[in-house]
Amino acid sequence: MNWLNFSNNLSPVTWNFLVAIVAVVVGISVKFLLANTFSFYYRRTNVYIFSRISKRLSTAAYFFLPLLFLNFSMPMMRMSRTSFALADKWIEVALIVSFAGMLIGLIKLIEDSIYHKYDYSKQNNLKERKIRTQLQFVRKFVVMLIVLITIAIVLLSFENMRKIGAGLLTGVGVGGIIIGFAAQKSLGNLLAGFQIAFTQPIRIDDVLVVENEWGRVEEITLTYVVLNIWDQRRLILPINYFIEKPFQNWTRTSAELIGVVMLYADYSMPIEPMRRELGRLLSLSQLWDRRINSLAVTDVRADTIEIRVLVSAANSGDTFDLRCFIREKLILFMQQNYPHCLPKTRMEIASQ
């Protein structure tokens with residue numbers, strides 16, 4: 001009875017303000033309770049998913065839960081039908097937007113859990129890169145759909161927007177044709193994105209040579225691909241480039257590569273000592289994966305012979321470093337042991 005007397009003595013504005021404040025405080029309290037619960041279970045169980053829930057859903061929950069409790073408290077408020085309808089409509093719109101944020105956070109949470117299961121920091125990560133490429137593309141596409149559907153639901157929730165939409169339907173036929181021609185390239189990129197995500201000529205972290213640039217695939221979006229070049233520049237290419245034009249993929253089926261080192265020496269250079277030195281150098285190097293070890297004379301020229309060295313390593317980075325190591329050490333071997341066999345230009349002077 002005392003509570004009823006207290007509420008009746010308050011003005012409608014004051015009462016509505018108190019109800020709204022209580023609803024918002026309850027919503028924030030529930031949010032903190034849930035966040036602390038997940039943190040407690042993470043400390044007790046060390047389950048990865050509990051640590052990501054707070055990060056991915058925390059921001060959206062800050063808005064969604066207070067708005068949800070505010071929506072529940074609307075019947076308790078004292079206001080005219082017009083004011084109630086207006087307030088209810090805006091709370092509904094805010095709930096729709098915050099719920100879309102919760103869905104996007106949930107999708108990212110699922111992505112995080114799959115990323116944690118398929119960690120591609122290990123050496124042989126072909127399967128992990130396949131899954132990550134598909135998952136990243138699907139996540140971006142689903143998020144785009146959620147945003148578009150949310151905008152459509154918000155607009156259709158207003159009566160005047162529905163009338164505007166109905167009026168515009170008369171121009172949809174001609175407008176659709178114009179938009180179709182205008183967006184033909186963008187739609188082609190989107191379809192190319194689907195093709196790349198599931199046929200996978202490229203994947204996240206693949207090593208590519210594109211436009212004479214060496215780099216790794218850093219990001220695949222709905223319309224373009226970001227290539228992280230070796231000197232930390234970024235090469236941005238439309239996604240349909242990888243459908244229409246040739247490029248080199250050094251990690252298409254595995255990360256293992258064969259490296260080539262070309263050396264040039266005089267005709268008098270003995271080959272067997274170089275072969276033995278190559279074997280010794282490779283046995284000392286942790287970069288060599290023990291698959292390929294070859295040294296052969298592959299060409300002869302007027303002044304020099306061409307010596308080709310083949311070595312192998314587990315990935316492109318190791319292959320590059322191993323090639324540099326072998327090139328430097330074999331040149332040093334020739335300088336110290338066979339300096340007379342270094343390339344030289346001969347000239348014959350005839351006496352008259």
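Restricting segment 116-142 to residues that are of a type in the set (Phe, Trp, Tyr) and at pLDDT 75 or above leaves a set whose member that is least open to solvent (accessible area, probe 1.4 Å) is 137. Residues in segment 294-328 that are of a type outside the set (D, E, K, R) and open to solvent by 70 Å² or more (accessible area, probe 1.4 Å): 300, 302, 320.
All conditions in (1) touching a residue at least 40 places away in the same chain (Cβ under 8 Å); (2) within 19 Å of residue 256 (Cα to Cα); (3) in a helix (DSSP H, G or I) hold for residue 283, with the sole exception of (1). Selection within segment 255-280: residues that are open to solvent by 40 Å² or more (accessible area, probe 1.4 Å) and under 34 Å from the mean Cα position of the chain (by Cα). The member of this set that is modelled with the highest pLDDT is 260. For residue 286, the criteria (1) open to solvent by less than 40 Å² (accessible area, probe 1.4 Å); (2) under 15 Å from residue 317 (Cα atoms) hold in every case but one, which is (1).
The values are calculated or read from the model by the stated rules, or taken from the named source; none is laboratory data. Model, not experiment: these values are computed from the prediction. Every residue, glycine as well, gets a Cβ built from its backbone with ideal geometry; the counts of neighbours run over all protein chains shown. Heavy atoms of the whole protein, side chains included, go into the accessibility calculation; ligands, DNA and RNA do not. Shrake-Rupley method; radii C 1.70, N 1.55, O 1.52, S 1.80 Å.
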